[in-house]
Amino acid sequence: MAAVNNGLPGSLLDLLSNDLILRHTSPYIGIRSLVSLAATSKAYQSLVYHTPQVFQHVDLQVFDFWKSFERRLYLSVRDVDEADTQRLSVVFTALEKRNVMHGVRTLILDGLFVPITIIEDILCNERYQIRLLSMRESHSLQKPEFRRILRHLIRPYRPKGTPNLRGIYLFGPSSRIHEVSDSDDFIHGPGAIGITASVGAQLGAGNSMDYDPNDLRKPLGEDPYSNSPYGAPGMWSVEEKPWEAPEWPEILEACAGLIHFDAVLCRHDQENVPDPGPKLATVRLAGCRSCGTCPEGPAYPGTSPADHLPILSPPPLHSSRIEVAQRIDTNGQPYPPLILRCRTCLKDRWCERCNVWWCEMCYTIPKNRGPTKGDPASTISSPAWNGDIKVHNGLCVSQCLMAELLYGDLWG
């Protein structure tokens, strides 16, 4: 019979002194709690700041520069932007002094006002090695200047092995966190919120704290794809309106093979559409109603070129590799085929209500069709179609349009 160990459990310092444990728990603990922990003693300070990869994943959303609504009521937009710019610059300086930034590989700046000078510094300066950058819903981001920086990173005469940046989260909605803190506490010393109040420390405490379960990159429930472009057909999380400028599809096209995004370009032949040129794919589809696939072929993680696959939200916690960012834990299920298209090439082919569509190989749009959605003469009550027309006014003729007409006749 094994002897019973009546000794006291090891200390937190002993536990975290295991490099593997510290590296895997640090993203859950969060940067603010790690800095607070390091301030408690020289032993913890040495452990936190001298263990490799502790700060590989840094989320600066914890420094919420926008939480003081009253302050914004009495300041102009310019004053608020200048104040938050200064505070963010101070935070970056403090991180530099603590020798943190050189080890960061994934940096999250979602929802923050980020000066273009800071972005240019972290992306173009050799002392930084950022691989994944998330800037979703960043306030007042100077998009022309940001595009200029990206063009500089992929310039033909760039140094060999560059750019260091491999992926950017830019087009989708941010995954806001709920830890309350302030940059002043971080700059001047540990505040009232300790390590036990962080998101990571509460993972085993039931629902006592509101945290994002997607941080685990393992979707919960029966559908592991519900929050990804592999989910149900329809418009997906790419926010199309802020990126309508044609420069953004051109940037994605120029960055192919070098920098990846949380959006992809439509792979359909754009020469045969009314408005040719690269376009963001904003609609996810099941296979064609007739043939079950698409002419360009679906994309699959692991087998398709990386440029055919978007990086998935949220950014992975323990890796900054594009291959990892493009995958989710499927609970052993195979990935479904990924078919993403733009609205332009789906005109008169896709039902916006039930999301069925017909590909170019299986269906040729009749040239003598009547007015369609968006035309001045278009009317639902008297559509001009024959048996060959499958989609009219954004609705499939066989089902959704007939239901619309029947509903109108019954209640009209």
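R0 = 56 Å: FRET efficiency of I21 with L406, Cβ-based, nearest 0.05?
Here the calculated transfer efficiency is 0.35.
Stretch T344-T93 to full length: gain in nm at 0.36 nm per residue minus the Cα-Cα span?
85.8 nm
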- Quick one: of K97/K160; K367/K390; K347/K390; K347/K367; K143/K279, which pairs are farther than 21 Å apart, Cα to Cα? K97/K160
- Report the local net charge at M361: Lys and Arg +1, Asp and Glu -1, summed over other residues whose C-beta lies under 15 Å from its C-beta. +2
- Message: I want the local charge near E250. Using Cβ-Cβ distances under 12 Å, sum +1 for each Lys or Arg and -1 for each Asp or Glu among the other residues.
- Response: +1
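The numbers here are math on the coordinates, done by the rules we state, and not lab data. The structure presented is a predicted model; accordingly, all values stated were derived computationally and were not measured. Every residue, glycine among them, receives a Cβ derived from its backbone with ideal geometry; neighbour counts consider all protein chains shown.
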